[in-house]
Structures are given as C-alpha cells and as structure tokens.
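The values are calculated or read from the model by the stated rules, or taken from the named source; none is laboratory data. It should be emphasised that the depicted structure is a prediction, and the values quoted were computed from it without experimental measurement. Virtual Cβ from ideal backbone geometry, glycine too; neighbours counted across all protein chains shown.
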Amino acid sequence: MKVTLVGAGPGGVGLLTLRGLEVLQAADVVLYDRFVSDDILAVIPDSAEKIDVGKHAGRHPVPQDAINTLLLERAKEGKNVVRLKGGDPFVFARGGEELELLAENNIPFEVVPGVTSAVAAATYAGIPITHRDYASSFHVITAHAKNNEPIDIDFDALVKLDGTLVFLMGASVIDDICEKCLLAGMDKDIPAAVVENAAANNQRKFLGTVATLPQIAKANNVESPAVIIIGKVCRFATRYDWFDRKPLRGKRIVVVSIKYRTSKLSNALRELGCDVVEIPYLKIVPLIATNDTLTDKLKNIKDYSWLVFTSGVGVNIFFDYLKEALIDIRGLINVKIACVGMETEKEVNKRGIKVEYVPDEYNGAALGRGLSILVKNGERALIAGAKDGDRDLTDVLTETGVAFDDVPIYEKVRDDKTASAVINDFDFAAFTSPSAVKGFAEIFVSMDFGKIKAVCIGEKTASAARALGMEVYVSTEAAVGSMVEKIMELSA
Ligand code: SAH
C-alpha cells in the first residue's frame with residue numbers, strides 16, 4: 001500500500017525520469033491528468049486501472065476533493081497507487097494538497113520529481129534560463145487567478161530583481177502580464193518569448209519584446225499550455241535554437257499502422273522533429289487463452305513437425321502464452337520452424353531459437369510453396385497466425401496436399417478509439433501496407449482523399465492509395481528508411 005506522486009515531465013516519455021518509469025511499471029492504479037502524453041500512458045501495464053482525472057482549462061472533470069479521496073480509497077485497498085502529473089508534481093500542481101489526506105490517514109507516500117515545463121520550455125526554445133552576463137536568477141510565477149480575478153502579483157518587486165521571469169498558466173492573460181511589467185518600469189526592449197506545447201513535436205515558439213509579444217501571440221492564436229519567458233536571456237532564442245532547426249520541424253505527418261507495433265517510421269520521423277500523429281487503425285487481440293481447443297493443440301505441440309509463423313506479433317503471442325500456461329518450451333525440441341520473412345524470424349531468434357526456413361520472397365504464397373517441399377508425407381504443420389489472415393499460405397498448402405492445422409492465435413480488430421479520432425491540417429499521410437490504406441479509409445469515411453499526399457512503401461500500397469484518389473508518392477525501396485528519405489525530399 002502506497003501512493004506515489006510522479007512528475008511526467010513536459011511532454012513525451014523521453015523526459016520522464018527513470019524512477020518515474022519504474023514506479024509506473026509497478027502500478028496497480030494510475031490517476032493522470034491532461035498534460036500527460038500517450039507514449040507515457042503506454043508504459044503503464046495493461047492490468048493497471050487507469051483513471052483520467054484530466055483538468056481542462058476552467059473545467060474540472062474530477063474535482064480535487066474527489067481525486068484526494070480516490071487516492072486514499074485505492075491505497076486503503078492495498079494497492080500501489082500512482083498519481084501522474086504533468087511537469088513536476090509540486091510546481092503549480094496541487095501536489096501538496098493531494099498529500100494532505102494521505103498524511104492524515106498515515107498512508108505511506110513518495111514523490112518523484114519531474115522536469116518542469118518552466119525550465120523545459122526555455123531549454124527547448126534555445127533560451128539559457130540563467131546566464132552569467134544576463135540573468136543571475138529566474139522566477140517562476142503563476143498567472144492564473146482564481147475565479148477570473150485580476151492577477152495579484154508584486155510586479156515592482158519582480159522587475160527590480162532583473163532576472164528571468166517565467167509565467168505559467170498565462171496564455172490567456174499575456175497582455176496583462178506584459179503591460180504590468182512595463183508599468184513596473186521594465187525596459188520596453190527587453191526580449192520575450194512564448195512557447196506553446198514545449199518539448200513536444202508540435203511546439204510553437206514566438207519571439208518579441210515585452211512590448212510586442214502580446215500582439216504576436218494573439219496574431220498566432222497561442223493557446224494553453226504555454227510558458228511565457230521575459231528577460232535578457234531571450235536574446236539567445238534564435239542563436240541557440242537547436243530544436244526548431246531539426247529538418248522536419250513544423251511538418252505534421254499521419255502514420256497509419258497497427259497498434260502495438262513499435263513504429264520504426266514514427267520514431268525516425270520524430271527524431272527529425274516532425275509532429276507525428278499515429279493512427280493505429282487495428283489492434284491485436286490474443287485468442288489463445290480464451291479458446292480451449294487452441295490450448296489443447298498447443299499442449300500437443302510436439303506432435304507437429306513444423307511450426308509456421310506469419311508475423312512477429314504472432315511469434316510473441318505464441319511464446320508469451322507458452323510461458324504463461326507453463327507449457328514446456330522443450331516440447332518444441334523436434335519441431336522445425338518456418339517464418340514468412342526476416343522480421344518474423346528476428347522475433348523467433350530473440351527467444352533463443354533458430355529458424356529452419358524463410359522463403360526468398362516474403363509472402364504467404366512463397367512460404368506455402370517452400371513448405372510443400374519441406375513438409376514430408378506423414379508430417380503435419382501448425383500455422384500460428386491471425387484469424388482471417390492472408391489465405392495465400394493455406395491455399396497453397398491445401399493445393400499441394402500438405403497436412404496442416406491453421407490455428408489463429410490472435411485477431412486484428414478495428415480500434416474504436418481511433419475511429420473517433422479527428423485529424424486535420426497534416427502535410428503527409430504515410431502508409432506501410434495496402435491494409436493500412438483500407439483501414440484509414442474505413443475510419444475517415446468522410447475525408448476528402450483527393451487532398452491527401454500519401455507516401456507509400458511499395459506499389460501495392462500505392463495503388464490502394466491511388467484508388468482512393470490520393471496524391472501518391474512511392475518510396476524508392478520497400479523500407480522505412482527509404483520512406484523517410486522520400487518525406488525529406490518532398491519537404492525540402
Ligand atoms: N506541474 C506543471 C505545471 C502545471 S500548471 C509543471 O511543472 O510543468 C499548468 C501550466 O504549465 C500550463 O498552463 C502551462 O503554462 C505549463 N505547461 C505545462 N506543460 C507545458 C508544455 N508542454 N508546454 C508549455 N507549457 C506547459
């Protein structure tokens with residue numbers, strides 16, 4: 001029984017601390033708020049209860065008292081409770097209030113600090129928050145006033161300090177902040193910056209002076225979450241900019257892929273500064289544990305001569321299940337393994353097992369033809385693949401008279417959450433298979449496909465996209481790296 005307040009940092013999982021990650025991975029219950037990104041939520045085990053207590057500006061879907069009570073109740077149930085908060089849990093985050101009830105009830109707690117947006121926003125804007133020649137202190141101030149009252153801050157004192165001023169929760173009152181700095185005697189030429197969605201790939205940064213920043217922010221519709229930085233150190237924001245200089249900054253790309261497949265493409269694009277929106281159009285649902293016939297077949301795995309995998313996902317579901325159901329892996333000792341392609345083979349290799357056969361061409365028909373020669377009379381093959389998967393393999397095996405059992409160990413189903421996703425204003429959509437194009441079209445039925453610039457991995461994918469009327473670009477090679485090159489070329 002314990003409650004841990006964890007700071008999630010300003011954005012993605014990269015700025016979560018190692019301790020934060022450790023605590024999240026061991027959580028039974030996680031209460032999180034709206035500044036926590038999807039890739040951080042993805043590290044929480046599926047078995048944990050996830051409660052969204054997100055606070056939207058001005059609205060509090062779950063009132064603070066209710067959050068405090070939830071923390072207490074779940075802890076009293078003996079659970080490992082994590083309260084995940086954007087940035088640092090004690091920086092304008094009511095972390096102190098959340099501990100109060102726990103302290104009263106003698107519930108053990110821990111607090112894991114996080115990278116606060118107050119500092120990260122400056123870093124990602126290329127602004128050294130202190131500098132020996134320009135600022136010997138920085139001051140973090142909340143511009144949020146209770147019930148829309150005017151902000152009550154001693155600007156005279158602040159301006160006199162001559163340090164870097166950092167305002168949080170100030171996006172909607174930026175004019176008020178700057179005006180009060182000027183009234184308190186700040187030089188109108190002092191440089192200033194506003195950083196929206198700091199440290200995320202959709203970050204926007206605008207520079208001006210304390211006199212001009214409000215107009216600039218207004219003209220560009222700067223919205224919360226944003227950090228306002230006022231002080232001489234802002235003069236470096238262009239010279240020391242490292243983030244906006246990435247080659248694909250400002251580009252927004254929709255990557256259509258299967259959920260849980262670590263998308264190499266998204267990662268490569270993010271590394272180049274691109275704002276990636278992932279559309280996981282399908283999700284994988286394991287079927288074995290819920291099906292007795294399958295379980296029986298797997299228990300008799302030693303009766304098969306060949307075990308056939310048609311995807312890396314299948315490999316992982318298969319071996320995870322053996323482990324979970326305590327089916328001894330030595331049952332596979334005389335079973336040969338065939339895989340449809342290199343990626344699938346790699347997953348088998350990771351389990352410390354060699355693969356006997358991979359066809360030269362990575363497709364179901366080629367795998368079938370190969371097996372028709374390898375599987376001898378009197379031998380039987382077990383295909384551990386997807387339900388309603390590609391029929392090419394089983395068709396070839398049937399035609400050539402190979403004895404086999406087709407055992408679907410997982411199913412691909414439409415992801416309902418994605419189905420309600422809204423995407424607009426993107427530069428390209430990237431598709432890595434014809435079924436990704438199909439899935440995309442099913443989800444976004446009413447979209448004007450003619451306006452989409454589609455970057456496709458190969459001819460099959462390209463023709464699926466062309467059939468929908470998209471403007472199609474095909475990567476030179478059927479590889480993720482080549483898609484990235486194509487996107488770079490198109491963005492240049
Ligand atoms: N505990 C948080 C702050 C919570 S107050 C922290 O340490 O960062 C909420 C305010 O934080 C927002 O109004 C905004 O000013 C700022 N903020 C949080 N995340 C941000 C981000 N990624 N980019 C810009 N500002 C952010």
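What the table shows:
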{"read-out": "Options 80, 68; residue that is touching an Asp or Glu at 6+ places or on another chain (Cβ under 9 Å), buried (at least 16 other Cβ atoms within 10 Å of the Cβ) and farther than 16 Å from residue 21 by Cα", "value": "68"}
{"read-out": "Residue 49 being more than 16 Å from the ligand (Cβ to nearest atom) and charged (D, E, K, R)", "value": "yes"}
{"read-out": "Test for residue 169: is it surrounded by 15 or more Cβ atoms within 10 Å (Cβ to Cβ) and under 28 Å from residue 36 (Cα atoms)", "value": "yes"}
{"read-out": "Considering residues of the range 202-225 that are touching a Leu at 6+ places or on another chain (Cβ under 9 Å) and more than 17 Å from residue 129 (Cα to Cα) only, the residue surrounded by the most Cβ atoms within 10 Å (Cβ to Cβ)", "value": "213"}
{"read-out": "Strands (runs of 3 or more DSSP E) contained in the range 245-315 and holding at least 1 residues farther than 30 Å from residue 377 by Cα", "value": "252-258, 275-286"}
{"read-out": "Residues being in contact (Cβ under 8 Å) with a residue 40 or more places away in the chain and among the β-branched types (Val, Ile, Thr) - total across the range 124-162", "value": "5"}
{"read-out": "The listed residue being surrounded by fewer than 13 Cβ atoms within 10 Å (Cβ to Cβ) and either touching a helix residue (DSSP H, G or I) at 6+ places or on another chain (Cβ under 8 Å) or more than 14 Å from residue 306 (Cα to Cα) (or both), out of 401, 378, 389, 364", "value": "401"}
{"read-out": "Residues of the range 155-171 classified as within 16 Å of the ligand (Cβ to nearest atom) and touching a Gly at 6+ places or on another chain (Cβ under 9 Å), total", "value": "4"}
{"read-out": "Flag if residue 202 is in a loop (DSSP other than H, G, I, E, B), modelled with pLDDT of 95 or more and within 16 Å of the ligand (Cβ to nearest atom)", "value": "no"}
{"read-out": "Candidate set from the range 205-243 (those that are more than 13 Å from the ligand (Cβ to nearest atom) and among the hydroxyl-bearing types (Ser, Thr, Tyr)); member that is nearest to residue 167 (Cα to Cα)", "value": "209"}
{"read-out": "Top-ranked residue in the range 172-199 [being part of a helix (DSSP H, G or I), within 15 Å of the ligand (Cβ to nearest atom) and surrounded by 20 or more Cβ atoms within 10 Å (Cβ to Cβ); ranked as modelled with the lowest pLDDT]", "value": "173"}
{"read-out": "Conditions (1) over 21 Å from residue 313 (Cβ atoms); (2) free of Cβ contacts under 8 Å to residues at least 60 places away in the same chain: number failed by residue 458", "value": "(1)"}
